1. Show the residue pairs meeting these rules: Cβ distance below 9 Å; 6+ apart or different chains; first residue within region 111-136 and farther than 19 Å from PRO184 by Cβ and within 16 Å of the ligand (Cβ to nearest atom); second residue among the charged types (D, E, K, R) and at pLDDT below 95.
2. Within region 302-324, does at least one residue satisfy the condition of being in a loop (DSSP other than H, G, I, E, B) and more than 14 Å from the ligand (Cβ to nearest atom)?
3. Confirm whether ASP103 is out of contact with any strand residue (DSSP E or B) (no Cβ under 8 Å at 6 or more places or on another chain), within 30 Å of GLU140 (Cα to Cα), away from the ligand (no atom under 16 Å from the Cβ) and in the same structural domain as LEU242 (by TED's automatic domain parsing).
4. With GLY231, GLY285, GLY257 as the choices, which residue is buried (at least 18 other Cβ atoms within 10 Å of the Cβ), in the same structural domain as PHE106 (by TED's automatic domain parsing) and within 15 Å of the ligand (Cβ to nearest atom)?
5. Restricting to region 234-247, what's the tally of residues that are within 10 Å of the ligand (Cβ to nearest atom) and surrounded by fewer than 24 Cβ atoms within 10 Å (Cβ to Cβ)?
6. Given the residues TRP249, TRP254, which is the only one that is closer than 25 Å to PRO56 by Cβ, of a type outside the set (Ser, Thr, Tyr) and touching a Gly at 6+ places or on another chain (Cβ under 9 Å)?
7. So if I check each of GLY253, GLY286, which one is within 27 Å of THR48 (Cα to Cα) and either without any contact (Cβ under 8 Å) to a residue 40 or more places away in the chain or not in a helix (DSSP H, G or I) (or both)?
Amino acid sequence: MENGNLNHGGVDKASKTITIKGILGLLMENIDESDKRRVISLGIGDPTVYSCFHLPKVAEYAVVDALQSENFNGYAPTVGLPQTRRAIAEYLSRDLPYKLSSDDVFITSGCTQAIDVALAMVGCPGANILLPRPGFPIYELCAAFRNVEVRHFDLLPEKGWEVDLHAVDALADQNTVAMVVINPGNPCGNVYSYQHLEKIAETAKKLKILVIADEVYGHLAFGCNPFVPMGVFGSIVPVLTLGSLSKRWIVPGWRLGWLVITDPCGMFRKPKMVERVKKYFDILGGPATFIQAAVPRILEQTQEVFFKKTNNLLKQTSEICCERIKEIHCITCPHRPEGSMAVMVKLNLSLLEDISNDIDFCMKLAKEESVIILPGTAVGLKNCLRITFAVDPASLEEAMKRVKSFSQRHAKANSTTTTTTTTMDIPTLI
Ligand SMILES: *Cc1c(COP(=O)(O)O)cnc(C)c1O
């Protein structure tokens with residue numbers, strides 16, 4: 001019998017889509033059992049494993065109190081508790097030239113579910129969506145399951161990983177429904193300027209598409225550019241803003257995220273859209289009610305010093321990362337990270353003896369040094385690497401030291417004449 005009914009092109013495509021977790025799993029399998037203890041992962045962005053990245057105490061108390069009150073053991077409305085929606089509307093409105101209302105906010109199970117909802121809402125037969133390259137593969141995966149065609153525009157490393165707006169222009173047609181902007185960026189660590197975001201909004205307006213703004217790293221910016229939410233340009237182009245507590249509050253396991261319709265001018269036939277989104281939420285579970293109930297207090301009472309501390313630490317570890325990269329002859333960093341928790345670096349294979357590509361590099365690195373780094377292929381860019389620096393400074397130093405000795409061991413004989421000045425016998429003066 002033919003499996004015609006089961007042969008959904010999109011699902012086939014989905015099962016072939018590379019995911020970050022899939023590749024990291026393969027890398028882990030490559031490490032011998034006896035070496036597992038010395039593993040340092042610069043692969044996944046989960047800083048909770050390092051004690052220097054710790055959630056704010058107030059968040060913990062807020063959840064405990066919500067749970068102990070015994071008021072939040074029941075179902076929440078599928079779109080989220082009213083007080084949670086209100087708190088998130090107020091939190092996001094602080095940075096906008098207009099006020100969001102609770103009705104604009106939908107509570108999701110992390111930003112991951114917000115991505116799925118966004119794609120479900122814009123997807124329709126024949127639709128295509130524009131995604132950044134490099135990017136975040138969950139978008140490709142969701143698009144594949146929804147049968148939404150994906151078209152990639154490049155991020156330009158020499159321009160601080162800005163969006164190639166000419167490419168966006170050239171890729172779009174009448175079936176294009178949206179473009180995705182991840183800012184602060186994963187995997188590149190970019191933080192876009194006000195001017196660049198405005199240009200993105202103008203381009204999307206011209207193309208009559210909406211912007212899906214992934215701001216899961218919102219406010220995790222430690223370079224020159226401050227974080228500007230895409231919603232600031234909501235009166236130019238409608239924006240679906242996606243976010244969560246996961247990264248800024250360092251609680252990825254709490255699964256508390258949001259999808260927000262930032263469309264102050266009601267350009268995208270808001271009532272109809274809102275009805276559609278509401279209906280869709282009847283299918284979703286959403287995060288635990290007591291976690292939702294803790295959100296107003298978490299958003300109101302987390303102290304500024306907590307955020308400052310996180311950003312300072314990320315700035316410090318990103319700098320360690322960049323300095324150590326300079327000492328490793330086969331990798332270069334095209335643009336210093338200014339936000340988020342990761343940086344993209346280029347791998348120069350011509351300087352290496354027996355490494356065929358980025359995946360091979362990461363596989364051998366895992367096996368020989370027990371260091372996990374994500375191959376660029378996993379985020380759409382071959383022969384690059386994504387290094388996560390949300391790691392405690394000592395582990396990061398150790399990991400980079402191992403990457404360096406790995407690279408030296410695999411260097412081509414005639415390519416070792418690089419700057420190895422640091423090991424000279426100069427007495428230290430301080
Ligand atoms: C981590 C991450 C997400 C997912 O966030 P969760 O709240 O953990 O589901 C979404 N988008 C990007 C770019 C991320 O890095």
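1. ASP116/ARG146; LEU119/ARG146; ALA120/ARG146
2. Within region 302-324, the subset in a loop (DSSP other than H, G, I, E, B) is 302-303.
Now narrow it down to the ones that are more than 14 Å from the ligand (Cβ to nearest atom): 302-303.
For region 302-324, residues in a loop (DSSP other than H, G, I, E, B) and more than 14 Å from the ligand (Cβ to nearest atom): present.
3. yes
4. Values: GLY231 fails: within 15 Å of the ligand (Cβ to nearest atom); GLY285 fails: buried (at least 18 other Cβ atoms within 10 Å of the Cβ).
Exactly one residue qualifies, and that residue is GLY257.
5. Qualifying residue count, region 234-247: 1.
6. Details: TRP249 fails: touching a Gly at 6+ places or on another chain (Cβ under 9 Å).
Residue meeting the stated conditions: TRP254.
7. On the way: GLY253 fails: either without any contact (Cβ under 8 Å) to a residue 40 or more places away in the chain or not in a helix (DSSP H, G or I) (or both).
Only one candidate qualifies: GLY286.
To keep it simple, each residue is scored yes or no on (1) in a helix (DSSP H, G or I); (2) over 19 Å from the mean Cα position of the chain (by Cα); (3) closer than 13 Å to SER41 by Cβ.
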residue	(1), (2), (3)
ASP354	no, yes, no
MET363	yes, yes, no
LEU374	no, no, yes
LEU381	no, no, no
ALA399	yes, yes, yes
VAL403	yes, yes, yes
PHE406	yes, yes, no
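The values are calculated or read from the model by the stated rules, or taken from the named source; none is laboratory data. Given the structure is predicted, the values throughout are model-derived calculations rather than measurements. Glycine also receives a Cβ, built like all others from the backbone with ideal geometry; neighbour counts cover every protein chain displayed.
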